[in-house]
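These notes concern the structure reproduced below.
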Amino acid sequence: MPLIYKICPRALWREAEAAGRFTGAPVDHQDGFIHFSTAAQVAETAARHFAGQDDLLLVAVEAGALGDGLRYEPSRGGDLFPHLYGPLPISAVVAVDEMPLDADGRHAFPAGILPA
């Protein structure tokens, strides 16, 4: 099963871990679903929506563990983005990695996440 990714402020993610589920960031609450990106989309998502932000985490989620609440819907330029309608159970998370800013102010991703 493919992995999908959520970029999340560290403090918000730590609250989710303590609660056992993630109910979303403010933008997710506003839109009515939790926004995710595929590996092919996550670098652009970081650059577009999180530019210059520090103290972020990249949360990798097993898409198949999310059931019928996960839908791929058109967004930027008609590209299909994963959206979760409902809370994200922490049990579906397979990795949580730091996203430090590099010397150029761009987010550094863990090895093997971004397509070559």
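Overview of results
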{"item": "Among the residues listed as 67, 24, the single one being out of contact with any helix residue (DSSP H, G or I) (no Cβ under 7 Å at 6 or more places or on another chain), at positive phi and not in a loop (DSSP other than H, G, I, E, B)", "result": "67"}
{"item": "Test result for residue 34, of a type in the set (A, V, I, L, M, F, W, C), at pLDDT 95 or above, touching a strand residue (DSSP E or B) at 6+ places or on another chain (Cβ under 8 Å) and open to solvent by 30 Å² or more (accessible area, probe 1.4 Å)", "result": "no"}
{"item": "Hits in the stretch 37-61 - residues which are under 17 Å from residue 22 (Cβ atoms), open to solvent by less than 50 Å² (accessible area, probe 1.4 Å), not hydroxyl-bearing (Ser, Thr, Tyr) and not in a helix (DSSP H, G or I)", "result": "50, 56, 57, 58, 59, 60, 61"}
{"item": "Within the stretch 75-110, considering residues that are of a type in the set (Asp, Glu) and part of a strand (DSSP E or B), the one surrounded by the most Cβ atoms within 10 Å (Cβ to Cβ)", "result": "97"}
{"item": "Residue 64 surrounded by fewer than 14 Cβ atoms within 10 Å (Cβ to Cβ), farther than 19 Å from residue 33 by Cβ, touching a residue at least 24 places away in the same chain (Cβ under 8 Å) and of a type outside the set (Val, Ile, Thr)", "result": "no"}
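The values are calculated or read from the model by the stated rules, or taken from the named source; none is laboratory data. All of these numbers come straight from a predicted model, not from anything done at the bench. All Cβ positions, glycine included, derive from the backbone under ideal geometry; neighbour counts span all protein chains shown. Ligands, DNA and RNA are stripped out before the accessible areas are found, and what is left, the full protein with its side chains, is counted by its heavy atoms. Shrake-Rupley method; radii C 1.70, N 1.55, O 1.52, S 1.80 Å.
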